[in-house]
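For reference, the structure is listed below as structure tokens.
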Amino acid sequence: MPKLGVNIDHVATLRQARREQDPDPILAACICEQAGAHSIVAHVREDRRHMQDRDILILHKTIKTRFNLEMSLRPDIVDIACAVKPQQATIVPEGRLEITTEGGLDVVRHRGRLKKVCGQLQKNAITVSLFIAADTKQIEAAHDLGIRVIELHTGAYARACVKRDGAGELKKISTVCAFARKLGMTVNAGHGLNYSNVRPIARIEGMEELNIGHSIISRAVFTGLEAAVKEMLGLLSSSFVQRGG
């Protein structure tokens, strides 16, 4: 069964809408842990639109499971990661005007900067993951940098599923996952995954972890966070059985 990483950013988004104390993303992370989440994901953006520096510090000290910090290549963000020392850092592209991360990191283009930043993170015993498109050229570039963990951007798949035409994107992700695994890489995936489209991705052979945030937090508004996490875990478990695991 693929592991489930729960992204708690949107709990902080709701809090920042009023600049008050509630809802508390740290409490949300603890509830996700208790419900069975395998890791907690949080993204400290350059504009601090949701998670704040203090949240990251407290989060790492509080949770018991793996902490996956999403981050850009900006030096001050790298400094935060090196100070906090999460178990994993996932480097993502970031644009101030985007609502959410719109695509994968261009490893080929940013090879020089990535080599430097990845080295800094690895010296602090942080596992580095790169958030990239389902593209063999990007995977090869990541592998050449010594990266052994990647997260495939599933946004194109999610958008295709809305049009009931996800088969082509699903096949691409499956093929690329197999390619990366032959290189000895750990493959995760995320972006746009929800309760309707997650099972085909979870069935892909060798898919290690799925990182999901918006759909779980949205479902939690109606069902509560613990129930929302457990429902998603149930979908992953049933997909694993169907896969023959």
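Observations, loosely collected:
- If you take all other residues with their beta carbon under 11 Å from the beta carbon of I31, and give Lys and Arg +1 and Asp and Glu -1, the sum is -2.
- Listed cross-link partners K115/K137; K137/K163; K64/K137; K3/K64; K116/K171; K137/K172 are compared with a 24 Å cut-off, the Cα-Cα value being larger for K137/K163; K64/K137; K116/K171.
- Built amide H within the under 5 Å cut-off of R66, gap 5+: I40
- Two-site FRET efficiency, V221 against T136, from Cβ-Cβ distance with R₀ of 51 Å, rounded to 0.05: 0.85
- Potential lengthening between R181 and D79 on full extension [0.36 nm per residue; Cα-Cα distance subtracted]: 33.6 nm
- Over the C-alpha atoms of the chain, the Rg to Rh ratio, Rh being the Kirkwood estimate, stands at 0.94.
- Between segment 1-72 and segment 146-214, the alpha-carbon centres lie 22 Å apart.
- Spin-label pair H143-R19: with each label point 7 Å from Cα along the Cα-Cβ axis, the two points sit 5.0 nm from one another.
- Shown for the chain are the DSSP H helices of 20 Å or more along their axis, judged by Cα atoms, with a mean Kyte-Doolittle hydropathy of at least 0.0: 167-182, 225-243.
- Most mobile listed residue (R199, R66, R113) in the chain, GNM with C-alpha springs under 10 Å: R113
- Once the chain from K123 to R111 is taken as fully extended at 0.36 nm per residue, the excess over their C-alpha distance is 2.5 nm.
- For the chain, the relative contact order comes to 21 percent (Cα pairs under 8 Å, sequence separation of at least 6).
- FRET efficiency, 1/(1 + (r/R0)^6) with R0 35 Å, evaluated for D53 and V162 via beta carbons: 0.50
- Placing +1 on each Lys and Arg Cβ and -1 on each Asp and Glu Cβ, with no other charges, gives segment 3-235 a dipole about its Cα centre of roughly 380 debye.
Here, each number is a calculation from the coordinates, and none is a lab measurement. Bear in mind the structure is a predicted one, so any value in this text is a computation, not a measurement. With ideal geometry, Cβ positions are generated from the backbone for all residues, glycine too; neighbour counts draw on all protein chains shown.
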